[in-house]
Amino acid sequence: MHMRLIFLVLLFHHSHTAFAFTPCRISGFSYAIECTTLVVESSVSHQSLFDVRVFKVAARVRYPLPSPLIWIPSSLSVSPTARAPFMINSLSRIRNKRDLIWIELTPHASGLRNHCGWSKPWNSLSFRLDRFAHPEYLASCQTELKTLGVLDELTPETLAGYYEAVAKQLNLTKVTIFAEQAGAEIASAWQQQSPGRVLFQVMDNPSEARAPSSLMAQAVAIDRKLQAIDTQCRRSGQCASDALGLQQAFSQLRTQLPTLVTVQSPYTFAEESITFTAPFLVYALQQQLNLTEQSQWLPNVFHQANQGNWLPLYQLIAGQWTRRLPQVNDVFYLAEQCIDWQTFTDNTAVAPAHPSFLVNWIYQQLKQRYQTLCQSSPKLMHQPIKHKTQPPPQLILRGGLWSVGQNDTPLESTLLLHVPGVEHVFSYGCAKEVIARYVNVVDKQLQTGKAVSVRQTEIEAECLLNMPLPVKPSLADAIKKK
């Protein structure tokens, strides 16, 4: 009996310490958090391809609710831990009752390398702007990617399996979710694989998950956003008085490509020539259109470029990528792009017969870029599953001034907030307070045992829905006055 008691004690101790968290530090956050590394096999190859690092920021109470908040970021390629200090502070009110957890896959176990074994200096501006335009680097990344075998290793369904495995190993019966953009695909796949695991969730722009289902949809989205930005720019008086319409200005820029722009490197102080090609300009434009405040500069910088001054456009684009070394796993990024490419309905088909000339040209540049990136990528053996499981109670935040319209038919348990003027809602205005109030209301309703149904008046969402648009001064007019 005595030996049996000792055995049970040891078994209990092992079950609670095998995956115990230990204190750790992350850059940009002043306090220690908790970390652990778990061994998780891929559902595709049944091998441990990645180190699965789990990070936990403890709740502010001694006995938190047993359904921690799982943060699922938009992209596997961008280190979530690099953004974690912002998320920890932004979700501080939810951490009054819940632990915050996120996971990060690191490629060391599989032999993959973040920057594809690149040995040359990173101080080349052209390399920082578009490193996949360098054939040697792209070839090295494609070689690294082939070590995965198939792209199915990084689909939302496979990634959802990692989250489910972590939940099981940490003995989490229920979880709540905050998912950003493409993270919604992982959340949906997780619910499909383990119905009932997710108590409720908050989604920031799930409609933007990965890319639209076709290249033509992307081209049309770019064109519509250009129209909307141009309209807003003229109504607000921000546009240069003699500027062309934004679509017309972009069409005029197109005729000047490729073009060289000479800039001075902040690292070497030497002059360097940056080549603007058509695929790169369309790719860079896509990135700018996803940045609410940045995109409002486009009418004026396009106007300046058409006047022969390409520096403002270069500086707008380069601001994101040349300040410091990118914290991006390029192999994962390439995998994400090629998964999209292989699931597009028109990745090999001819474009529809009646798009506008500009839309068709954008389509062709997008297609050329994807073909270059993915010409020798591993194959995607299975198409992503269309998830049919009814979602748990959820709050959906969707940006709206120049995003493509969605035909949403929310369920009774879904509260949809369409927020004009921004792309990614969470970073603006009172979004953080609205989310915290939503979580509190849902917690109270779940305690009653009744079906969850939240109205926007209950969470005081008007502060978010009536948020004023950001305003920028006219760069082009300021230059003309000098």
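The values are calculated or read from the model by the stated rules, or taken from the named source; none is laboratory data. Note that this is a predicted model, so its numbers are computed, not measured. For neighbour counting, all protein chains shown are included, and Cβ atoms are generated from backbone atoms with ideal geometry for every residue, glycine included. For accessibility, only protein heavy atoms count, side chains too; no ligands or nucleic acids. Shrake-Rupley method; radii C 1.70, N 1.55, O 1.52, S 1.80 Å.
In table form, for the structure just shown:
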quantity: FRET E, pair THR277, ALA217, Förster distance 25 Å, beta-carbon r, rounded to 0.05; calculated: 0.60
quantity: Phi to ³J(HN,Hα) by Karplus 6.51 cos²θ - 1.76 cosθ + 1.60 over region 244-251, Hz, x for Gly, Pro; calculated: 6, x, 4, 5, 5, 5, 5, 4
quantity: Table column - 3J(HN,Hα) (Hz), region 91-96, Karplus curve with 6.51, -1.76, 1.60, x for Gly and Pro; calculated: 9, 4, 5, 5, 6, 4
quantity: Net lengthening on full extension, GLU412/GLN375 (0.36 nm per residue, minus Cα-Cα); calculated: 8.9 nm
quantity: For ILE274, distant residues with modelled amide H under 5 Å away; calculated: VAL261, THR262, VAL263
quantity: Point-to-point label distance, VAL39-ASN96, nm (Cα→Cβ direction, 7 Å offset); calculated: 4.2 nm
quantity: Note, ³J(HN,Hα) from phi for region 185-190, Karplus 6.51, -1.76, 1.60, rounded to Hz, x at Gly and Pro; calculated: 5, 5, 4, 5, 5, 4
quantity: Spin-label model distance (nm) - THR106 vs GLN252, 7 Å beyond Cα toward Cβ; calculated: 5.2 nm
quantity: Nonlocal amide H pairs with ILE396, under 5 Å, H built at 1.01 Å; calculated: MET203, LEU415, LEU416, LEU417
quantity: Largest to smallest accessible area among VAL61, VAL150, VAL452 [probe 1.4 Å]; calculated: VAL61, VAL150, VAL452
quantity: Theoretical FRET efficiency, 1/(1+(r/R0)^6), r = Cβ-Cβ of THR345 and LYS168, R0 30 Å, to 0.05; calculated: 0.25
quantity: Segment LEU311-LEU465, length gained on full extension (0.36 nm per residue, minus Cα span); calculated: 51.8 nm
quantity: Per-residue SASA entry for THR106, accessible area with 1.4 Å probe, Å² rounded to 10; calculated: 20 Å²
quantity: Cut-off 19 Å (backbone N to label point 7 Å along Cα→Cβ of ASN89), residues of region 369-399; calculated: none
quantity: Where labels lie 7 Å past Cα in the beta-carbon direction, separation of HIS134 and ASN360 in nm; calculated: 3.7 nm
quantity: Sequence of MET203, MET467, MET381 from largest to smallest accessible area, 1.4 Å probe; calculated: MET381, MET467, MET203
